Amino acid sequence: MPDLYQNLVSLAESDVYPFHMPGHKRNIESTPMKGAFRCDITEIDGFDNLHDESGIILEAEKRANSIYGSEETYFLINGSTCGVLSAVSAVMNEGETILAARGCHKSFYNAAYIKNLNIKFLPYKLNCKYGIPEVYNAQEIAVCITDDVKAVFITSPTYEGKCSDLRGIAKICHEHGIPLIVDGAHGAHFGFKCKNELANNGDAFYKQLPESAIEQGADIVIHSLHKTLPSMTQTALLHIQGKLVDRDRVKRFLRIYQTSSPSYILMASIDLCIKYIMENESEFVVRLIKIRNKLQFALKDCVNIEIPGKNIINDPAKVVIYVKNGAITGQRLYDILRERYNLQMEMAGEKFALAIITGWDTDDGIERLINAIKEIDATISESYSGKHKTGNQDNKSDIQNEFTTDENLSNRKNVIISDLPDKKMNIKEAWDSEKEVVDLESAQGHISGEFVNLYPPGIPILVPGEVISGSILEEIKQYLINNMNVQGLLDRKGFLCVKQK
């Protein structure tokens, strides 16, 4: 049976004239995006309907399901955001309690707002060495599940590539008769296999990709295809399995949160991505792991920069470039890689820059990253020793100035979000309340009316409805002194608080 893309091309090459939306009418003169617009249609005869699929879209979803192994798989063209919104809305009733890690994506908090949920937070854990949020095991979840908890929501893998024990967590959830929802947006490539396990040179090197959340028993899993697979931005999948999730409710909320005019170009991109993996799964995995192990091996002797391996970072697609001893900030490293070497990283943390690699990175691109990191590492050593070596002296001197003008992070205070703030209102009540602006020095005891996040990684310091304590104020001040990006403050000087009566 022809795939969705082939059918779109056949339509574009036919004599069928479009007296229907969209307005560009597949006229290639209407836009520079000539190829894409030829295939941009709406729900016409022979092309099914995403919200009531029974033909070509259903067949495409079944193809996706066949490689991931869940019971049902649905296409998402509003990104993983609409998958998270739909999953939480379908599983939870108004006013119920959900157990979740504090570092969830904002779509989770938006779902909690819409459904007026009570969020019971898991203790926040931070790997202090690397400045990376830690993940959870089954026992840590078990001690937090109380009778009022109706579902558990876990992000795994994290942005930085760490994975929770989803198999154990799913078992605990099912013993309590509640579903496990996994935001696996960054793990769409998990579970794919290469035919033969690759040899490695130690614990830091990779042999296979991690297991998928579906394999480990999660009830709902959301995947962003575009993050690590060859699919267009905004494309994602939602998977369901088991008896704890009402499929009809999920479909209802997908119809609410997804556009009623779904893009056939995006759906075709999903289908082409799935077909590629069906035909090239092993080659994709081998290529990705070989690239990662090449990076790992080439940079293992760096003195001032470390690339944490498999014993720390579970996902080979995530390359954490950690600067030892606080020589420079992660943001400074990020900027140097972009401005000096034309290498655009994914994000920067306080102590690291993050690169994402896939099976489609070029050899030249990987060599450029290796050489840049080696040169930066050597320049840090020179800045410590005061010695200047031969080479591209002008470039190295400029880079060295970047290092020597930076405050030494090793002298900075370690800041950890430890005790959770007291909660006086739920998110919906606080967000909908009348607000007032309160300056930093006067905010103690006030109730936050807005999220205050440390970004990256986006972990909320305060959630609407939580009390601003003295310790939280000191924590925020320390972040500001460290010139870290605290979102949710007004001009870095005040809070938006629930107005006191």
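The values are calculated or read from the model by the stated rules, or taken from the named source; none is laboratory data. It should be emphasised that the depicted structure is a prediction, and the values quoted were computed from it without experimental measurement. Cβ: placed from backbone, ideal geometry, glycine included. Neighbour counts: every protein chain shown.
For this structure, a couple of remarks:
- Criterion (assigned to a helix (DSSP H, G or I) and either surrounded by 14 or more Cβ atoms within 10 Å (Cβ to Cβ) or of a type in the set (Gly, Ala, Ser) (or both)) met by exactly one of 102, 63, 26: 63
- Hey, residue 4 in contact with a helix residue (DSSP H, G or I) (Cβ under 6 Å, 6 or more places away or on another chain) and outside the structural domain of residue 155 (by TED's automatic domain parsing) or not: yes
- Flag not set for residue 428, criterion: among the charged types (D, E, K, R), assigned to a loop (DSSP other than H, G, I, E, B) and more than 30 Å from residue 331 (Cα to Cα).
- Here the stretch 159-181 is the region considered, the condition is being closer than 20 Å to residue 126 by Cα and without any contact (Cβ under 8 Å) to a residue 60 or more places away in the chain, and the residue that is surrounded by the fewest Cβ atoms within 10 Å (Cβ to Cβ) is 165.
Yes/no per residue for (1) of a type in the set (Val, Ile, Thr); (2) outside the structural domain of residue 109 (by TED's automatic domain parsing):
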{"site": "34", "(1), (2)": "no, yes"}
{"site": "42", "(1), (2)": "yes, yes"}
{"site": "56", "(1), (2)": "yes, no"}
{"site": "60", "(1), (2)": "no, no"}
{"site": "67", "(1), (2)": "yes, no"}
{"site": "73", "(1), (2)": "yes, no"}
{"site": "79", "(1), (2)": "no, no"}
{"site": "82", "(1), (2)": "no, no"}
{"site": "88", "(1), (2)": "yes, no"}
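- Restricting the stretch 483-501 to residues that are in contact (Cβ under 8 Å) with a residue 60 or more places away in the chain and crowded, with 16+ Cβ neighbours inside 10 Å, the residue that is farthest from residue 426 (Cα to Cα): 484
- Taken together, the residues in the stretch 131-158 that are closer than 30 Å to residue 347 by Cα, at pLDDT 95 or above and in a loop (DSSP other than H, G, I, E, B) amount to 6.
- Applying the criterion of being outside any strand (DSSP E or B) and surrounded by fewer than 19 Cβ atoms within 10 Å (Cβ to Cβ) to the residues of the stretch 116-129, the residue that is modelled with the lowest pLDDT is 124.
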